[in-house]
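What follows is a single structure, written as C-alpha cells, with notes after it.
The values are calculated or read from the model by the stated rules, or taken from the named source; none is laboratory data. Since this is a predicted model, take the numbers as computed values, not measurements. Glycine also receives a Cβ, built like all others from the backbone with ideal geometry; neighbour counts cover every protein chain displayed.
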C-alpha cells in the first residue's frame, strides 16, 4: 500500500453510488424464500420478536446478533423472510463503500480505494453470500469488521473505543470471526492511553471469546471444505482469480506500513491468516458433499483479498493494468448477474440449479398456489424431506393473508375454501387421493415448475 494521500474530497457521492449499485444488484432476490440456516435464523428472530421460546438448535452454531436485529422488524409486523432479506441486502450493499473508505483511511490512495469498491460491488461471492440468495450472518460480520477497522484507524481515542465495541460484537454476529478478536484488541490496547480502558477492554474481549461457540461447535459443519470447493469451482468463472498473483505484493506492502495504519493492517492480516488456516486445514467427514452454504463464513476474507490484489495490481505498467482491470470487472459483473437472476440460472443450468434459480422456482410455485387458493383459501405444503420444518414455515411468508402451513399441521376438516397444494412432482398422480389421512380430495394440476407441482384440491 502506498503512503498517505489526501484524496477524500468528493468521496461521499462515489460511496453513495457504490451503495445504490449494490442494492440494485440484489433487487432480483428480494422476494425469494429462505432455506437452510437462513430459514432457521429468520424463525429465531421471529420468536424473539414475539417473546416466545427461540432456542433453535439448527442455528446454535451461529451468533445471536442477527436474530436479535430481526426481532425488531418482525415485532413491528414484517415477515421474518422480508426482514432477513432486507437486512442482509442493506448490509451486503454497504460492504463495498465501507471497504473503499477503509482503504482510503489506511492511506492506499484514491485509485486503489475506488477500484476496491468497484470490484467488491460486483464481486460474485458477495452477490451470493452478502445480501444474495444465501442470506445469513456473513454480511453483518463483514460490515462489523470493516467498521471496526475504520474506527481503529482513527487518531482520537474516542473513535477507537467505539471500534473496540464493534470488535467485541464480531463473535456475536459470526463465531468464525472470533479469530480476529485477539489481534484487533491487541492493536487497540497498544495505542489506548487509559489504563482503565485497557483493563475494561481486555476483560470485555475475554468474555466475548469465552462465550463464543468456536471452534468445536462451529466447525462441525466443516464449512472450510465448502469454501475451498466454492473457490475452486467459481473463482475461475468469476475472473477474480486473476487478482491472486498480485495479493502477495499487496500484502508485503501492507505489512510494512508504519504509524496508525500499520497497527491496524497487521492485526487484520494476522487475523485473516488464522482464519484461512482454520477454514482450510480442518478435515471433512467421510461422505461429505460440497455445497454452497459454507461460503458466508469466508466473506470477511473476500474484502481483504480484493484490497491486497488491487493494490498489488498497481505495480503493473498503466496500459497492462487497465486491461487486467477491465477483464476482471467484466467477468465479475457477468458472474454476479448469473448468481442473482434466478430465471437465468434455471435456463442455463436446468439440471443443477444454483441457489437463486432453485429459490426462484420455489417462489413462483408458492405465489401461484396463493393465486389458486384465492383470498380466503388455504395453501398447504406437502414437501416431505425436500424442505426442513423452518423452511416450510417461512414459505408461508410468501403468501401473507392466506392460511398456510405444512399439510400435516392444517385443520383440513374445517376446510371452508379452496385448497392449493404445493408438492414434489411424481410421475403418476391420482385424480382422487387422501390428503394426510384427513379426507378424500380431488386434485387438479395447475402448474409444474422444475421439481415442484401446484395442485388445486377440492372435495369430490
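What's the number of the only condition in (1) over 26 Å from residue 146 (Cβ atoms); (2) assigned to a helix (DSSP H, G or I); (3) under 26 Å from the mean Cα position of the chain (by Cα) that residue 330 fails to meet?
For residue 330, the exception is condition (1).
For residues in segment 382-402 being touching a strand residue (DSSP E or B) at 6+ places or on another chain (Cβ under 6 Å) and closer than 14 Å to residue 424 by Cβ, which is surrounded by the fewest Cβ atoms within 10 Å (Cβ to Cβ)?
The residue in question is 386.
Out of segment 369-381, which residues are surrounded by fewer than 19 Cβ atoms within 10 Å (Cβ to Cβ) and at negative phi?
371, 375, 376, listed by residue number.
Take the residues in segment 346-362 that are in contact with a helix residue (DSSP H, G or I) (Cβ under 6 Å, 6 or more places away or on another chain) and closer than 17 Å to residue 135 by Cβ; name whichever of them is surrounded by the fewest Cβ atoms within 10 Å (Cβ to Cβ).
354
Check 89, 141, 176 and return the single one that is under 26 Å from residue 354 (Cα atoms) and modelled with pLDDT under 85.
From the options 89, 141, 176, the qualifying one is 176.
Taking residue 238 as the residue in question, decide whether it is at pLDDT below 70, surrounded by 15 or more Cβ atoms within 10 Å (Cβ to Cβ) and more than 20 Å from residue 176 (Cβ to Cβ).
Considered against the rule, which asks whether it is at pLDDT below 70, surrounded by 15 or more Cβ atoms within 10 Å (Cβ to Cβ) and more than 20 Å from residue 176 (Cβ to Cβ), residue 238 comes out as yes.
So, in segment 375-402, exactly how many residues are modelled with pLDDT of 80 or more and either assigned by TED's automatic domain parsing to the domain that holds residue 84 or farther than 21 Å from residue 42 by Cα (or both)?
So the answer is 1.
Inside segment 143-172, can you point out the residues that are part of a helix (DSSP H, G or I) and either out of contact with any helix residue (DSSP H, G or I) (no Cβ under 7 Å at 6 or more places or on another chain) or closer than 21 Å to residue 335 by Cα (or both)?
157, 158, 165
Any idea which of (1) surrounded by fewer than 22 Cβ atoms within 10 Å (Cβ to Cβ); (2) modelled with pLDDT of 85 or more; (3) over 29 Å from residue 310 (Cα atoms) is the one residue 74 doesn't satisfy?
Every listed condition holds for residue 74 apart from (1).
Residues that are touching a strand residue (DSSP E or B) at 6+ places or on another chain (Cβ under 6 Å) and modelled with pLDDT of 80 or more, at least 2 per element: which strands (runs of 3 or more DSSP E) completely within segment 403-460 meet that?
Because the criterion is at least 2 residues that are touching a strand residue (DSSP E or B) at 6+ places or on another chain (Cβ under 6 Å) and modelled with pLDDT of 80 or more, the strands (runs of 3 or more DSSP E) in segment 403-460 that meet it are 419-424, 440-449, 452-458.
Please name all residue pairs, on different chains or six or more residues apart, with Cβ atoms under 8 Å, provided the first residue is in segment 323-337 and is farther than 15 Å from residue 127 by Cβ and the second residue is surrounded by fewer than 17 Cβ atoms within 10 Å (Cβ to Cβ) and at pLDDT below 85.
324/316
Looking at segment 41-71 only, could you name the residues that are modelled with pLDDT of 75 or more and either more than 21 Å from residue 176 (Cα to Cα) or not assigned by TED's automatic domain parsing to the domain that holds residue 151 (or both)?
Scanning segment 41-71 gives 43, 46, 47, 71.
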